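Bear in mind these aren't lab numbers, they're just calculated from the coordinates by the rules spelled out. Just so it is clear, the structure is predicted and the values come from calculations on it, not from any experiment. Here Cβ is always computed from backbone atoms with ideal geometry, including for glycine, and neighbour counts include all displayed protein chains.
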Amino acid sequence: MSPSAHSLSRPVSDASVKNDLVKIEEVHKYFGDHHVLNGINMTVKQGEVAVLIGPSGSGKSTLLRCINHLETISAGRIRVNDELIGYKEKDGKLHELHLKDIARQRRNIGMVFQRFNLFGHKTVLENIIEAPVQVKGHDKVPAKRRAQELLDRVGLAYRASYYPAQLSGGQQQRVAIARALAMDPELMLFDEPTSALDPELVGDVLDVMKDLAKSGMTMIVVTHEIGFAREVGDTLTFMDGGVVVESGNPREVIANPLHERTKGFLSKVL
Amino acid sequence: MSVTTNNQETTAQRAAPELIKAVRVRHPGRWLGAAIILILAILAVQSLAANPNFHWETFALYVLDANVVTGVGWTLLLTVLSMAIAVTLAVLLAFMRQSDNPIFRWSSWFWVWFFRGTPVYTQLVFWGLVAVLYPKINLGVPFGPELLSLTTQDLLNAFWAAVLGLALNESAYLAEIFRAGLKSVDKGQIEAAEALGMRGTKIMWRIVLPQAMRVIVPPTGNETIGMLKTTSLVLAVPFTLDLTFVTNTLANRSYLPIPLLIVAAFWYLVVTSILMIGQHFIEKHYGKGIDTAARITVNPSALQTARATADPAPTTPTPEESGR
């Protein structure tokens, strides 16, 4: 994908100036004695696709979950759109945000999970309109219309009345993406979205994600799909043992990894 | 879709497969067992009909007696009201037990500990005696002026004392059933709802509880049927209009306890059967998307494949995903 084609489909306002949407500064995270994140620094610009790779236990999923405050951080700062996530700073002191403010921040950040987590008791359409209607207070009729559009976009318009259990994993994950998009987020987090899928279903989900990237969505993607990183990623970050080992242009990192650990990991997954 | 095209070609070329028609395994033990049970059943029915001590004519006389039917009504009313209150309390207690607020967690735990730990009979006697403990109930500003004063006897008559006693005791058991149900829902459901910007009570009501109901309904149906029969203890309050008390009184009057026990048993069975039908529909409602899903899945996709390929062979495996 050429960068010029990329910027063509983006909204005009940020076609020229790319501001930092996500700023992660010196983030640490402990689970008990276990130091999961050890001083992470990372910036994701508006419209950028940042891909996170690394062995399991490297902290990449934890980092992703910290960005929408599903996990709390032990030290450092995470900012989305210059707003501190989970806290507010007053007179040099951090105050925990009230749950309703955390919920407000999360509305702006879509998340797609490894295990889909569609609401099992609701149909595909009901899954998608749940948050727009319940959280944003949208009317049902326009919400349904929009849901149909999103389903069409992920290629599942004909599955609107199905229950999640009636869909294949790949279909469920595409619905999960549509559900997250229904909240019109500024940022999408993908937590190993294709890891729980049968190999032949991975492609459909990746196609939807590529499409989304082309439309200018800012995305942070934890994945093992190196091909996706190479093709769609604007940056590739390799994490191991709770630190960023190396980061840069995906094609360069994959072709010439600077670090032994990166080389070792890539040789296993490529 | 290359698999199905292949299939189309091969079935066009080959004849339909000969289906297996195997000789069934014989089960002589089943026949023997069935014969024994049938003989026992016939003997039982014969003895029921032939033994004059059952006094079926007395059964027939009292089964539709106005007092008995009213007794059924009171029993049903006690069951429904106390279950309704118990379910409401149980939802509250289960939510409190999962709360981040330690005071809520502990008070919920304490409630369950107390009401589950004392006999329901004792509790019913106690509620009957509340009027002795607190003859008057005063509403007013604490340590301040009194606004309203009521006699406990008027406020909490025998019926409401019975309902309260049954409901509070039941709420403790149901709270544990609801807690187990809430715990059975995958944590990923809560995370997904949180990630969408939903919170607390809304997640519980709209996402967790409806899915927990699948697990909650069967044991709650069990408890409801149990409650139907526990209402026979309201004599302890004393409340004296329920089915058991009425049939006992009639039995004492006529010196024929057996036919009146059968009258009571008959009505308990009738009400239980009605409750079971209700439970069936409630289970069906909350099973949607999970219990009913598998059945529907097989059919449309099989139908779709059949239509797409126009393949007469019924043994063709349906592809997981038919593409976009």
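Its alpha carbons give the stretch B:138-293 an Rg and a Dmax of 22.0, 69 Å. The protection proxy used here, the mean number of other Cβ atoms lying within 10 Å of each residue, ranks peptides A:236-246, B:134-144 as follows, highest first: A:236-246, B:134-144. The equivalent ellipsoid of chain B has semi-axes of 52, 37, 14 Å, largest first, where each one is the square root of 5 times an eigenvalue of the Cα gyration tensor.
Using Cβ point charges alone (K and R +1, D and E -1), the dipole size of chain B about the Cα centre works out to roughly 560 debye.
Just how many % of Cα pairs in the stretch B:109-209 lie over 18 Å apart, if you round to the nearest whole percent? Percent of Cα pairs beyond 18 Å in the stretch B:109-209: 66.
Site pair A:L258 and B:A158 shows an inter-label distance of 8.9 nm when each label is modelled 7 Å from Cα along Cα→Cβ. Under 5 Å between amide hydrogens, built in the peptide plane, is the criterion, and for A:V245 it picks out A:F238, A:M239, A:D240 among residues at least 5 positions away or on other chains.
Across the stretch A:53-177, counting alpha-carbon atoms alone, Rg and Dmax equal 17.3, 54 Å. Counting, for every residue in A:113-123, the Cβ atoms of other protein chains within 10 Å of its Cβ and taking the mean gives 6. Judged by the mean number of other Cβ atoms found within 10 Å, the most tightly packed of the peptides B:207-213, B:73-79, B:183-189 leads the ranking B:207-213, B:73-79, B:183-189. Per residue of peptide B:205-217, the mean number of Cβ atoms on other chains within 10 Å of the residue Cβ is 2.
Build a GNM of chain A with springs between Cα atoms under 10 Å apart, and of A:G32, A:G120, A:G170 the one that fluctuates most is A:G32.
Share of pairwise Cα-Cα distances greater than 29 Å in chain A is 33 percent (whole percent).
Taking Cα centre as origin and charging only the Cβ of basic (Lys, Arg, +1) and acidic (Asp, Glu, -1) residues, the dipole magnitude of the protein assembly as shown rounds to 540 debye.
Shown for chain B are the DSSP H helices of 30 Å or more along their axis, judged by Cα atoms, with a mean Kyte-Doolittle hydropathy of at least -1.0: B:28-50, B:66-97, B:158-184, B:257-286. Among beta bridges from DSSP that stay inside the protein assembly as shown, the antiparallel ones total about 65%. Remark: mean inter-chain Cβ contacts per residue of A:177-184 equal 1, using a 10 Å Cβ-Cβ cutoff to other protein chain atoms. Using θ = phi - 60° in the Karplus curve 6.51 cos²θ - 1.76 cosθ + 1.60, the 3J(HN,Hα) couplings for the stretch A:77-87 round to 9, 10, 10, 10, 6, 6, 9, 5, 8, x, 9 Hz; x is entered for Gly and Pro.
Among the listed pairs A:K18/A:K263; A:K140/B:K202; A:K93/A:K136; A:K29/A:K136; A:K29/A:K214, those with a Cα-Cα distance over 21 Å are A:K18/A:K263; A:K93/A:K136; A:K29/A:K136; A:K29/A:K214. So what does log10 I(q)/I(0) come out to for the stretch A:133-176 at q = 0.13, 0.18, 0.20, 0.31 Å⁻¹, using the Debye formula with one equal point on every Cα and no solvent? Here the Debye-derived log intensity ratios amount to -0.30, -0.56, -0.67, -1.07. Based on alpha-carbon atoms, the Kirkwood radius and the radius of gyration of the stretch A:109-226 give Rg/Rh equal to 0.94. DSSP bridge analysis restricted to the stretch A:137-267 gives an antiparallel fraction near 50%, rounded to the nearest 5. Segment B:K136..B:N67, full-extension length gain: 21.5 nm, with 0.36 nm per residue of separation and the alpha-carbon distance subtracted. Placing +1 on the Cβ of every Lys and Arg and -1 on the Cβ of every Asp and Glu, with nothing else charged, gives the stretch B:17-151 a dipole about its Cα centre of roughly 640 debye. Straight-line reach from A:K45: taking Cα to Cα under 17 Å and skipping same-chain neighbours fewer than 8 places apart, the aspartates and glutamates in range are A:D14, A:D20, A:E25, A:D82, A:E83, A:E186, A:D234.
Convex hull volume of the C-alpha atoms in the stretch A:164-221, normalised per residue: 75 Å³.
Shown here: the protein assembly as shown, whose C-alpha atoms stretch 99, 90, 47 Å along the first, second and third principal axes, sorted largest to smallest.
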